[in-house]
Structures are given as C-alpha cells and as structure tokens.
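Have a look at the structure below, then the notes.
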Amino acid sequence: MMQRWLAVPASCAVLAACQGGHAPEATASMPSAAQHTQYSEPTLYTIEARLPKLKPDWSPLRQGLEAYVAQKKTNFLAGLKQPGAREQAHQLPWDLDLDIEVLGQAGRLVSVQAQGSSFTGGAHPSPILDTFTYDTQARRLVSLDDLFTDPAAAESALAAEARRQLLTRLDDNAPLASSAEAINDGTQPGQHHFDVFTLSPGHDGRAGNLTILFPPYQVAAYVAGTQTVDVPIRVFAPWLKPDYRDSFATP
C-alpha cells in the first residue's frame, strides 16, 4: 500500500481556497521543514502528501514543488465538481497520495522524484510519477533539453538506447507485458516521452548515468508497472552542455 504523506503551510492556503475558505484539520505535524499533514472530508476524500527538507538556499526548488502539489490538489478537488462525482465518492471515497523525495545531488544538479496515486473511482488508482532537476548554481529547475547543446540529437540517442534495453526484456525469463510496437511508440523522440528522468550520483558525487522512467502504460501494460532504463553517459556525452559536464562522471 502506498505510504500517505505530505504538505506544507503554503498548501494549506490553497486547499482552503478550493474548499470555500476552510482548510480541513491536519491529523499530524512534523517540523516545519517537512510537515506531515492529512486533509479530508469524511466519507468523501482524503489527501495526504509530504515534501522533503531542503537547504535554505534552494527556495526556487521548494516553490516549484509547492506549486506542483497545489496543482495536483486543485485538479483532484475539481473532479468532485463533475456530475455524479460526489455521489460516487460517498460510496467509495476518493484518495490522493503524494510522496516527494530528494534522490541525491550530482555536481550542481539535484534530482527529485514525486510518486503516488490518485483514486477517483474505477478499477484501480491512477499512478503519479514525476521528476524535477534543480540547478543549484543557476537556482532554477531545468528540463532534459536544458542539459544539451543539441536536444534533438541527444533525445534520439536516448531513445535508441531505451528502445534497445526495453526490447531485450520481451525475451526475459519473465517477459515484459508489452510488445515491440508498444515500446517503439512509447520511445519516439519529440513527444515528451523522456521528460521523467533522474540522475544517479556515483561514489565521486557525480552522476553515474541518466535514468529514464516510463510510467505505466507508456511502454508496457499497467500490470508491468514503471519501467526504468539506465542510460550510460557515453550515449549522450557528446551533447552535454559545458556547464553540466562536471555533474557527470567521465565516460
């Protein structure tokens, strides 16, 4: 069962606005740097989440994460305004769970992952999987394209490597619940298929590779879960911007 966590003081104001000016009571609290809070309306829904402790000078990262959480909550609550939604939720309460954590720092880049689920009826919860990369020197969030001098060329190289690794899983002893067609479709460059990625810091504090995460349904069936592909640095090193080369181990 997914752990249920998160929320920060700024998010309380957002929820209050969404619910007519009254924020639900929190069930628990932790130090202000990383609060554990639960919001709910009895028999209707529950929202839980947690933000990690961050360094004081990483305020742009915190603001970005708070905005992300606030948007997720707003979208979730907006669903209850759809015809018949409240009646459905009273029969089977809705649930939003979020867990955001810092995975590590590689050079000037900090890798953050958000995961959880949103249940608004249906056969199963909808998975949530997003990542954030923060440049501690530029003090801003960066995308995959921001890392490269030629984003299109770099993404094509990432796509080829991801496709190669995923196709081999079709022949494993426990084969991936997918097909070559689904893998090819889910790894096409230029369609934001590689936006969810993390950096894996090595022993020297620099990234040992770039890990691409494919949420359920993108390259395989829901039952297969999230698929991850570790891309060696040599695959994309030719296009790394000079500012970010020191964040990656020498290929």
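Residue check: residue 122 meets all listed conditions (1) over 24 Å from residue 201 (Cβ atoms); (2) in contact (Cβ under 8 Å) with a residue 60 or more places away in the chain but one, namely (2).
So, of the residues in the stretch 86-101 that are open to solvent by less than 50 Å² (accessible area, probe 1.4 Å) and of a type in the set (A, V, I, L, M, F, W, C), which turns out to be farthest from residue 198 (Cα to Cα)? Top of the filtered list is 89. Set side by side, the residues 195, 185, 230, 243 differ, and just one is open to solvent by 40 Å² or more (accessible area, probe 1.4 Å) and in a loop (DSSP other than H, G, I, E, B), which is 195.
Do we have residue 160 as open to solvent by less than 50 Å² (accessible area, probe 1.4 Å) and modelled with pLDDT of 95 or more here? When the stated conditions are applied, residue 160 does not pass them. For residue 217, the conditions (1) open to solvent by 40 Å² or more (accessible area, probe 1.4 Å); (2) at positive phi; (3) in contact (Cβ under 8 Å) with a residue 12 or more places away in the chain; (4) not polar (S, T, N, Q) are fulfilled apart from (3).
Residue-wise test of (1) more than 28 Å from residue 47 (Cβ to Cβ); (2) open to solvent by 60 Å² or more (accessible area, probe 1.4 Å); (3) at pLDDT 95 or above.
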| position | (1), (2), (3) |
| --- | --- |
| 113 | no, no, yes |
| 119 | no, no, yes |
| 135 | yes, no, yes |
| 142 | yes, no, yes |
| 145 | yes, yes, yes |
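Just one of the numbered conditions (1) within 22 Å of residue 199 (Cβ to Cβ); (2) open to solvent by 50 Å² or more (accessible area, probe 1.4 Å) is not true of residue 130: (2). The residue that is nearest to residue 142 (Cα to Cα), counting only those in the stretch 36-85 that are open to solvent by 30 Å² or more (accessible area, probe 1.4 Å) and touching a His at 6+ places or on another chain (Cβ under 9 Å), is 50. Could you count how many residues in the stretch 161-181 are among the aliphatic types (A, V, I, L, M) and under 23 Å from the mean Cα position of the chain (by Cα)? Residues that pass the stated criteria total 4.
The values are calculated or read from the model by the stated rules, or taken from the named source; none is laboratory data. Nothing here was measured: the structure is a model prediction, and the numbers come from that model. Backbone-built Cβ (ideal geometry, glycine too); neighbour counts: all protein chains shown. Heavy atoms of the whole protein, side chains included, go into the accessibility calculation; ligands, DNA and RNA do not. Shrake-Rupley method; radii C 1.70, N 1.55, O 1.52, S 1.80 Å.
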